[in-house]
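Written below as structure tokens is the structure these notes are about.
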């Protein structure tokens, strides 16, 4: 289920109250107040995967408090994790306080009081918030408590894998079919658990399925990061992750394609996207192919035609025609100016 809401269409004097009610409804009862006198703006988009929810928030600077009274009023008994996508925030819970710049994450427990706010400045805050029921987590609560209000690295290791996964779910999750969202629900729990276990150094306590899901996610992230390397092969991938090639192929058995086929598909997708970008028109086709791991132009051309039914050069020519047509259409619209209002 997908929901989107924005304060943009509301009278200025009603926006903050509307956003406060939205936060209470979508996350938990929280007391918030603006941190400056600028007109308030806020928006949210949320995706319900089943047990877990993923929501994106954007808002002008504010201060938040969840008090014991608000906890007694309502407690979803969840762990919430926020990935900062814009601005900088601070968070305090259980006598721990940390600051989160863009790309970093913070975890909190809805059953405990907390405070948060924005650092100096008026830049709006952007965040992706993951909501996970405590009972879904295969880790002891007393261990998870050690991570509350701490800055969790979202740019390396399992933190980076989880952060990139959350960005992908927020961007493309709404397009998924119901059965796909149900699968995403379990994957999200597994990656969230693996991220916390990695920070606690207790990965061996995770269920085998969660460990396998986390390993597959790390491997996929490694492949995406190294597509331009011509030595990116199943043996090299297996060696980097300290597993056998047989184990690697078993991990991909449920993905619908082999490891080698996955690498080929991703390389072709990157080439296809770059050939359609007008700012890369000055880059020769063979240079784009080489950038994504195709040093042999003839091999690339055959693979591209097999995948897309046209040669790379023909595809780029069609893209150029579309760019020019849009440019001409835009220029004509600017020359004509706005249409007069009917009276």
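What to note about this one:
- Within segment 200-212, the set of residues being assigned to a helix (DSSP H, G or I) and surrounded by fewer than 21 Cβ atoms within 10 Å (Cβ to Cβ) comprises 200, 203, 204, 205, 208, 209, 211, 212.
- From the list 65, 72, the one residue that fits, being part of a strand (DSSP E or B), out of contact with any helix residue (DSSP H, G or I) (no Cβ under 9 Å at 6 or more places or on another chain), in the same structural domain as residue 129 (by TED's automatic domain parsing) and surrounded by fewer than 17 Cβ atoms within 10 Å (Cβ to Cβ), is 65.
- Scope segment 146-164; condition part of a helix (DSSP H, G or I) and either closer than 16 Å to residue 199 by Cβ or in contact with a strand residue (DSSP E or B) (Cβ under 8 Å, 6 or more places away or on another chain) (or both); matching residues: 146, 147, 157, 158, 159, 160, 161, 162, 163
- Any hit, segment 136-145, residues being in contact with a strand residue (DSSP E or B) (Cβ under 8 Å, 6 or more places away or on another chain), touching a residue at least 60 places away in the same chain (Cβ under 8 Å) and closer than 21 Å to residue 62 by Cα: no
- The lone criterion from (1) part of a loop (DSSP other than H, G, I, E, B); (2) touching a helix residue (DSSP H, G or I) at 6+ places or on another chain (Cβ under 9 Å); (3) on the phi < 0 side of the Ramachandran plot left unmet by residue 103 is number (3).
- Residue, nearest to residue 112 (Cα to Cα), within segment 1-23, restricted to residues that are out of contact with any strand residue (DSSP E or B) (no Cβ under 9 Å at 6 or more places or on another chain) and either outside the structural domain of residue 184 (by TED's automatic domain parsing) or part of a helix (DSSP H, G or I) (or both): 21
The values are calculated or read from the model by the stated rules, or taken from the named source; none is laboratory data. If you're wondering where the values come from, they're calculated on a predicted model, not measured in any experiment. As a convention, Cβ positions derive from the backbone with ideal geometry for all residues, glycine included, and neighbour counts pool all protein chains shown.
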